[in-house]
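Nothing in this text is a laboratory measurement; each read-out follows from the coordinates by a stated rule. Remember, predicted model here, so these are calculated numbers, not experimental data. For neighbour counting, all protein chains shown are included, and Cβ atoms are generated from backbone atoms with ideal geometry for every residue, glycine included.
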Amino acid sequence: MATRPAPSAKRTSAAVPAEIFTRPPCKIHPSAVISEKAQITGTHTVELCEDSILHPHSRIRAEHGIVYIGKRTIICGATTVGVTEGEGNVIIGDEVIIEAGATVEAKSVGDGTMIEAKAKIGKGAVIGKYCKITPLCEVSADDQLPDYTVVYGDNQRRYDQTLADNPEVRQAQRKGQALHVSTLQKLIPNASHKWT
């Protein structure tokens, strides 16, 4: 019967030391809030503009292209923003909300758009201004949504006439977004210093 070799005096770990991972180049506005538990990965530039918010467990992936997040944009928890395969940049406009569990690989998302819980935006898609993608809906890769489009139900689409025809409704939405951001700036401990 074969005997086992004597155990090594020094145990080795399979874990990769934290210092091997490099931080992506980040441009973070001083008023942006990044939770301690948010993740930013990759080698391409990540830019967060004024008053943008990254909730705990949100993920920004810049392995395959730059990620730009506009003013007063809120990225909720369990959300992934950035291209996961191939090359491509992701540009998120101003005052966008990306809710929990959503995945966004779009080429661009227009100002004032809302991407609701667990929605998926495919690589290279172009989303217009003030669009709404309701929970669990998908926008295919390279698809284009005109301004004020609502994707709902079984990925059906309609035009939001009320939002398009009434600038006061859009203004109210912007005021609500500013209040939402102001509240989150008070509630989420800011760890943006670790990315600068």
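Can you give me the C-alpha center-to-center distance between segment 25-58 and segment 102-139, rounded to a whole angstrom?
19
May I ask what percent, to the nearest 5, of DSSP beta bridges between residues of the chain are antiparallel?
Taking every DSSP beta bridge with both residues in the chain, the antiparallel ones total about 10 percent.
Would you kindly compute the Cα radius of gyration of segment 24-195 and its largest Cα-Cα separation (Dmax), both in Å?
Cα radius of gyration and Dmax of segment 24-195 are 14.9, 43 Å respectively.
Got a sec to turn the phi values of segment 96-107 into Karplus ³J(HN,Hα) couplings, 6.51 cos²θ - 1.76 cosθ + 1.60 with θ = phi - 60°, whole Hz, x for Gly and Pro?
Karplus-based 3J(HN,Hα) across segment 96-107 equals 9, 10, 10, 7, 3, x, 6, 10, 10, 10, 4, 5 Hz.
Just subtract the alpha-carbon distance of Asn166 and Thr45 from 0.36 nm times their residue separation and send over the number in nm, one decimal.
Length gained, Asn166 through Thr45: 39.9 nm.
Nothing charged except the Cβ atoms of Lys and Arg (+1) and of Asp and Glu (-1): what's the magnitude of the dipole of segment 24-195 about its Cα centre? Round to the nearest 20 debye.
Result for segment 24-195 is approximately 420 debye, rounded to the nearest 20.
Tell me the label-point distance for the pair Ser140, Glu87, using the 7 Å Cα-to-Cβ offset, in nm and rounded to one decimal.
It works out to 2.5 nm between the two label points.
Are any of the pairs Lys37/Lys107; Lys71/Lys132; Lys71/Lys186; Lys37/Lys123 more than 23 Å apart by Cα-Cα distance, and if so, which? Walk me through the numbers before you get to the answer.
Working: Lys37/Lys107 26 Å; Lys71/Lys132 18 Å; Lys71/Lys186 17 Å; Lys37/Lys123 25 Å.
Cα-Cα > 23 Å for Lys37/Lys107; Lys37/Lys123; rest within.
Show me the GluC sites (Glu not before Pro) within segment 87-196 that DSSP assigns to loop and that have at most 14 other Cβ atoms within 10 Å of their Cβ.
Of the GluC sites (Glu not before Pro), the ones in loops of segment 87-196 whose Cβ has at most 14 other Cβ atoms within 10 Å are Glu87.
Roughly how tilted is helix 167-187, in degrees to the nearest 10 and between 0 and 90, from the longest Cα axis of the chain?
30
Note down the relative contact order for the chain as a percent, whole number, built from C-alpha pairs under 8 angstrom at least six residues apart. Write out the running numbers ahead of the final one.
Values: 525 pairs, mean separation 28.6, N = 196.
After rounding, I find 15 percent.
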